[in-house]
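Below you'll find the structure, written out as C-alpha cells, and then a few comments.
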Amino acid sequence: MLRIAICDDTPDELQTIAALTKAYLAVHHPNASVRTFSHPDALLTACETETFHIYLLDMVMPMVSGLELGRSIRRLSTDAQIIFITTERSFALDAYSVNPLHYLLKPVNADALSAALALAAEKVDCGRETTVTIKTHDGLHTLSADAIVCCEYVRHIVVYTLIGGKRVETVTLSGSFAAHITPLLQDRRFIQPHAAFAVNMGCVERLSKDGFTLQTGVFVPVSGKQFTAVRSAYMRYRLGEE
C-alpha cells in the first residue's frame, strides 16, 4: 500500500496540500494512506516505527527547515521519494543535495502536484514490502521490514532495533531463532551474518573483518566461517542497489 507523509507548519497550507493529494489518490491509488504532520519532529518520530514511500515537505519552517528534514529522511531511507513544496525559489539548488524527486512552488497547482505524485508513485515498489508480526508483552506488533535495522536473539527472546533507535522485544520464543527470522530473510535486504543476528544491509554503515557497523552505531559480528559469503552477499546487494 502506498503511504504518503505531508509536513507543513502552516495549518491552511497543510490542509490544502492534503486535500489535493487525497483527490489525486482517490482516482489513481484509492487504497493509499496519507498522514499529515505540522512539526518535523512529529514526522521523524513516526518514521521510527512507520515507513512512508513519498514525502511532501514544506521547505521553510521555523523549527527545522525542510532541507534539514529531508536530510534526516534520506539518512533513514535511500528509496524515499521526496517532493519539496515552498514559496522560495532560491532554495531549489540547495534542495538537490538530498536528491529530491521534485520541487514545487506555492500556491500548489493541482496539476503540477498530480504529475509529481504520479512520477513518485511509479518509482515506488510497494510489491516488495515485507512485514513481520511479533508477539510482545503488549500484544501483537506488525513491523515493516523497512523500519528494522537488525534483530538479535538474546536468552530466548528476539530484540528488534528499529530506525531511530527504538527497541522492541518479543516474548520468549517457543521455536528457534532461525525459524523466527525466516520470513524476514525472504527480503533481499536482510542477511544472517551470525547465529544470533539478522541485519538489514540497507542500514549498514561499514563492513570490517569483524562485522557490520550499523547506522545506529550498533555493531553486529560476522561468524568467521561465514565472512566470505557474507561479504559477497553484501557487495552484491550494494552493487545491485546502486
Going by the conditions given, is E205 among the acidic types (D, E) and in contact (Cβ under 8 Å) with a residue 24 or more places away in the chain? no
TODO: Check the stretch 219-230 and report whether any residue there is part of a strand (DSSP E or B), farther than 25 Å from T131 by Cβ and out of contact with any Pro (no Cβ under 9 Å at 6 or more places or on another chain).
DONE: yes
query: Is it the case that some residue within the stretch 22-32 is under 26 Å from I163 (Cα atoms), free of Cβ contacts under 8 Å to residues at least 40 places away in the same chain and assigned by TED's automatic domain parsing to the domain that holds I73?
result: yes
Inside the stretch 30-46, the number of residues satisfying the requirement of being of a type in the set (G, A, S) and in a loop (DSSP other than H, G, I, E, B) is 2
Contact list, first residue from the stretch 103-121 and assigned by TED's automatic domain parsing to the domain that holds A26 and β-branched (V, I, T), second anywhere and in a helix (DSSP H, G or I) and surrounded by 15 or more Cβ atoms within 10 Å (Cβ to Cβ), beta-carbon distance below 9 Å, six or more apart or interchain, is V108/E13; V108/T16; V108/I17; V108/L20
So, first residue closer than 12 Å to D146 by Cβ in the stretch 41-65, second residue charged (D, E, K, R) and in a helix (DSSP H, G or I), Cβ within less than 7 Å, six or more apart or across chains; the pairs are T51/D146
Within the stretch 122-146, the count of residues that are touching a Lys or Arg at 6+ places or on another chain (Cβ under 9 Å) and modelled with pLDDT of 85 or more comes to 2
The condition of being of a type in the set (S, T, Y), closer than 26 Å to L162 by Cα and modelled with pLDDT under 80 holds, among S90, S65, only for S65
On the given criteria, is V159 surrounded by 13 or more Cβ atoms within 10 Å (Cβ to Cβ), without any contact (Cβ under 8 Å) to a residue 12 or more places away in the chain, outside the structural domain of I82 (by TED's automatic domain parsing) and not aromatic (F, W, Y)?
yes
Residue count, the stretch 93-116, condition modelled with pLDDT of 70 or more, assigned to a helix (DSSP H, G or I) and not polar (S, T, N, Q), comes to 7
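The values are calculated or read from the model by the stated rules, or taken from the named source; none is laboratory data. Small disclaimer: the values here were computed from a predicted structure and weren't measured. In this analysis, Cβ positions are derived from the backbone assuming ideal geometry, glycine residues included, and neighbour counts consider all displayed protein chains.
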